[in-house]
Amino acid sequence: MRILLLGEYSNFHNTLKAGLEKNGHSVLLSGRKDGFKGFNLDISLEPKLFEFYPFRKVKNLIYLLFKFDISCFELLYIFFTNRNHFKDYDIVQLINEYPLKTTPYLDTLILKFIFKHNKKVILSACGDDVTYINYLL
């Protein structure tokens, strides 16, 4: 079975991947590195351009003025350049309701692609995200 695990914040998907591969499944893990944690990913969607000094200054200025992180566009670009790696999976599991931490609009574009090109998409609910807790309450 082909499985795509999208998002990683607590080593949950890395551990799940190891177990699934041990049982003979083909697993791809993709997402962002979650800051300093730097989790292992098969395809990293972490923006890198804005880590460099002059670009980082421009990014910070735009964020101060408009409260928008322009590095989200780089993540979108990375995703769609690798789009063939995100198709034709039997199961896709999302780490939470906001797996890539971009903007709601950009996450929606990516998730529409995921839902359209894969058989089954499952949402993991094993954290304490505000949206999930509010839904439970």
I'd like to verify a number: residues in the range 26-46 that are on the phi > 0 side of the Ramachandran plot and in a strand (DSSP E or B), how many? 1
Output the residue which, of all residues in the range 20-42 that are at pLDDT 95 or above and in contact with a Phe, Trp or Tyr (Cβ under 8 Å, 6 or more places away or on another chain), is surrounded by the fewest Cβ atoms within 10 Å (Cβ to Cβ). Leu28
Before we move on, is Leu45 surrounded by 13 or more Cβ atoms within 10 Å (Cβ to Cβ) and modelled with pLDDT of 95 or more? no
Within the range 54-64, is even one residue assigned to a loop (DSSP other than H, G, I, E, B), at pLDDT 90 or above and not acidic (Asp, Glu)? no
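Condition check ((1) over 25 Å from Met1 (Cα atoms); (2) surrounded by 15 or more Cβ atoms within 10 Å (Cβ to Cβ); (3) at pLDDT below 90; (4) aromatic (Phe, Trp, Tyr)) across all residues:
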site: Glu74; (1), (2), (3), (4): yes, yes, no, no
site: Arg83; (1), (2), (3), (4): no, no, no, no
site: Lys101; (1), (2), (3), (4): yes, yes, yes, no
site: Leu136; (1), (2), (3), (4): yes, no, yes, no
Can you give me the number of residues within the range 106-130 that are more than 19 Å from Phe79 (Cβ to Cβ) and of a type in the set (Asp, Glu)? 2
Pick from Tyr98, Tyr105: which is in a helix (DSSP H, G or I) and closer than 22 Å to Lys33 by Cα? Tyr105
With the condition kept exactly as written, say whether any residue in the range 14-25 is part of a loop (DSSP other than H, G, I, E, B), in contact with a strand residue (DSSP E or B) (Cβ under 8 Å, 6 or more places away or on another chain) and among the small types (Gly, Ala, Ser). no
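The values are calculated or read from the model by the stated rules, or taken from the named source; none is laboratory data. Given the structure is predicted, the values throughout are model-derived calculations rather than measurements. For neighbour counting, all protein chains shown are included, and Cβ atoms are generated from backbone atoms with ideal geometry for every residue, glycine included.
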